[in-house]
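Written below as structure tokens is the structure these notes are about.
The values are calculated or read from the model by the stated rules, or taken from the named source; none is laboratory data. In this text the structure is predicted, and so the values were computed from the model without any measurement. Glycine also receives a Cβ, built like all others from the backbone with ideal geometry; neighbour counts cover every protein chain displayed. Remember, those area values only see protein heavy atoms, side chains included, never the ligands or the DNA or RNA. Shrake-Rupley method; radii C 1.70, N 1.55, O 1.52, S 1.80 Å.
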Amino acid sequence: MNILAFESSCDETSASVVCREGERFIVKSNIIASQVDTHRLYGGVVPEIASRAHIEAISSITYEALQTAEVTMEDIDAVAVTANPGLIGALLVGVNFAKALALANGKPLVAVDHIKGHIATCYLDEDGNVPTPPFIALTVSGGHTGIYLVESYSKVRLVGSTRDDAIGESFDKIGRIIGIPYPAGKGFDSLSAEGFYEAVGECDDYLAKYKKSADYKSGEFTLPSPAVKDDTLDFSFSGLKTAAINLLHRYEQLGIELPRAKFAARYTFEAVEAVAKKMDAAIDRYGVSEIALCGGVAANSHLRHRLSALAKKKGVKLYTPPIALCGDNGAMIGAQGYYEYMEGHFADSSLNASAQDGID
Ligand code: KG4
Ligand code: ZN
């Protein structure tokens, strides 16, 4: 069965053909037109520009996705599209395009939640190394930070979330202040690696060692933890971000050059420890034996390292998508679209996009 899937919720236009063969998915094509270079000029995503760029890209990437997959619309069994959450103008481009395509070709239409799509990245492994619900998924991206209990392939429950900023957004904002071009996540990751290396050298358990290092104990970059100190699984990244901004201002006012790598390492350490701490609690609370890490920030090498250490300690299995599939892409929407299709969750031509989260 072939699904043609679309993703246009933020600054990537993507079309993909995902095929379900037996118990596995095969990604026949996954074309992504990134707008990052355009938005970089403004230091962040400009919604109106994003919508226009989606309109310009969507026809040609659809053609390319079908061609690369060596299929035509006749071979497509269903059309899937991200309908929420995201930038409303951006979502509307994908939703209207998918609606028209499905209607004109007489194909069923399936609406997909973007967050469920990120989680579904974990089902795309062609060797069948995939989690089976129930499991816990940590979804971290530029717009979201949440812990989800995946009860079934189509039923996902939010059990912990950020009360303000998303982790990716916080990396992007702080990164921008210290001179890393948008989106700053990847550059922040590399800069932090230098900072960890300066603190403890090359070693397998560098994050555990970092906490005992002179750099950490010096108090130079003391920052608050984003883990909310109660028995919820929630976070708050705005306190960490504000403390970091104040600290950066202090350096500027005193005219002292910022040790950027040391600062980035400490910031990353606090962010990563906070999510690891709440994931530790979530594993205990829900008694799961499998966990997943998804979303754009799942590409972060330190977060991957920390969650893999956590999984080992707790005796659970961790699933992380390949880096290329962590960011927004159509293939993840195709995978989730397949499960929605199997549940009979079809949309019709009244489908509308929504900026809001659809998960309880
Ligand atoms: O999932 P995604 O592509 O878009 C949203 O749904 O938001 O995530 C984009 C986010 C950006 O904030 C970007 O800076 C971040 O993912 N990101 C990273 C890394 N690579 C991308 N953050 C930390 N470390 C990385 N290696
Ligand atoms: Zn995303």
Fill in: Selected from Ala193, Ile174, Ala214, residue furthest toward positive end of dipole (region 150-228; charges at beta carbon)
Ile174
Fill in: Nearby aspartates and glutamates by direct alpha-carbon distance to Lys314 (threshold 17 angstrom, same-chain neighbours under 8 apart not counted)
Asp205, Glu273, Asp280, Asp284, Glu290
Worksheet, complete the sentence: Reported to the nearest 10 Å², Asp37 has, with a 1.4 Å probe, an accessible area equal to 110
Worksheet item: Of the residues Ile167, Ile333, Ile49, which exhibits the maximal mean-square fluctuation in a Gaussian network model of the chain defined by a 10 Å Cα contact cut-off?
Response: Ile49
Response to the item:
Sorted by chain and number, the residues with a modelled amide H under 5 Å from that of Ser354, at a separation of 5 or more or across chains, are Asn84
Worksheet entry | Whole-percent pair-distance distribution, where bins are 10 Å wide, for the alpha carbons of region 55-161 | 12, 36, 35, 16, 0
Item to complete: Taking a cut-off of 28 Å between Cα atoms, list the lysines near Lys312, but don't count ones fewer than 8 places away on the same chain.
Response: Lys116, Lys155, Lys186, Lys209, Lys211, Lys212, Lys217, Lys229, Lys262, Lys277, Lys278
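I need the Kirkwood Rh of region 61-116: take the reciprocal of the average 1/r across all distinct C-alpha pairs and report it in angstrom. Walk me through the intermediate numbers first.
Working: mean 1/r = 0.0836 Å⁻¹.
Evaluated on region 61-116, it is 12.0 Å.
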Discussion item. Please report the spacing between the Cα centers of region 134-190 and region 288-360 in Å, no decimals.
Written reply: 11
Practice prompt. Kindly write out, for region 188-197 in residue order, the coupling ³J(HN,Hα) from the Karplus curve 6.51 cos²θ - 1.76 cosθ + 1.60 (θ = phi - 60°), rounded to whole Hz, with x marking Gly and Pro.
Written response: 5, 4, 5, 5, 5, 4, 5, x, 5, 5
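Is it possible to state the helix-based mean residue ellipticity at 222 nm for the chain, with each DSSP H run of 4+ residues giving -39500 (n - 2.57), the sum divided by total residues, to the nearest 500 deg cm²/dmol? What is it? Write out the running numbers ahead of the final one.
Details: 12 runs with 161 residues, N = 360.
Mean residue ellipticity at 222 nm (helix-derived): -14500 deg cm²/dmol.
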Worksheet item: Taking all pairs of different Cα atoms in region 303-353, averaging 1/r and flipping that mean, what Kirkwood radius in angstroms comes out?
Response: 14.0
Discussion item. Can you tell me what share of the DSSP beta bridges in the chain is antiparallel? A percent to the nearest 5 is fine.
Written reply: 65
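Mind ranking Cys122, Cys203 by accessible surface for me, highest first, 1.4 Å probe?
On the way: Cys122 10, Cys203 35 Å².
Ranked list, largest accessible area first: Cys203, Cys122.
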Practice prompt. Once you have a ≥ b ≥ c as the square roots of the Cα gyration tensor eigenvalues for region 213-299, tell me rounded if a/c is under 1.5, and otherwise prolate or oblate according to whether a/b is larger than b/c.
Written response: prolate
Worksheet item: Hey, which aspartates and glutamates would be in cross-link range of Lys241, C-alpha to C-alpha under 13 Å, not counting anything within fewer than 8 residues on its own chain?
Response: Asp164, Asp165, Glu169, Asp172, Glu270
Worksheet item: Of Thr13, Leu248, Val36, which is farthest along the charge dipole of the chain in the positive direction, counting Lys and Arg as +1 and Asp and Glu as -1 at C-beta?
Response: Leu248
Item to complete: Apply the Debye scattering formula to the chain, with a single equal point scatterer on each alpha-carbon and no solvent, then give log10 I(q)/I(0) at q = 0.06, 0.10, 0.12 Å⁻¹.
Response: -0.22, -0.61, -0.86
Discussion item. Can you give me the solvent accessible area of Leu66 with a 1.4 Å probe, rounded to the nearest 10 Å²?
Written reply: 20
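Starting from the Cα gyration tensor of region 135-320, multiply each eigenvalue by 5, take the square root, and state the resulting semi-axes largest first in whole Å. Spell out each step's value before the answer.
Numbers: eigenvalues 158, 63, 40 Å².
Output for region 135-320: semi-axes of 28, 18, 14 Å.
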Worksheet item: Which far-off residues, 5 or more places away or on another chain, put their amide H under 5 Å from the one on Phe25, with H placed in the peptide plane?
Response: none
Item to complete: Would you be so kind as to identify which of Ala271, Ala261, Ser289 lies farthest towards the positive end of the dipole of region 245-360, taking Lys and Arg as +1 and Asp and Glu as -1 on Cβ and the Cα centre as origin?
Response: Ala261
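So how do Val27, Val110 rank on accessible area, 1.4 Å probe, biggest first, that is with the largest at the start?
On the way: Val27 45, Val110 0 Å².
Putting Val27, Val110 in descending order of accessible area: Val27, Val110.
Under a point-charge model restricted to the Cβ atoms of Lys and Arg (+1) and Asp and Glu (-1), what is the dipole moment magnitude of the chain relative to its Cα centre, in debye to the nearest 20? Before the final figure, lay out each step's value.
Details: 33 positive and 46 negative charges, 220 e Å.
It comes to approximately 1060 debye.
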Practice prompt. Taking the chain as the reference, fit the longest principal axis to its C-alpha atoms, fit the long axis of helix 260-286 to the helix C-alpha atoms, and give the angle between the two in degrees, 0 to 90, nearest 10.
Written response: 60
Discussion item. If you average the C-alpha positions of region 208-224 and of region 1-42 separately, how far apart do those two centres end up, in angstrom?
Written reply: 40
Worksheet item: Just from the alpha-carbon atoms, what are the Rg and Dmax of region 1-131 in angstroms?
Response: 14.6, 46
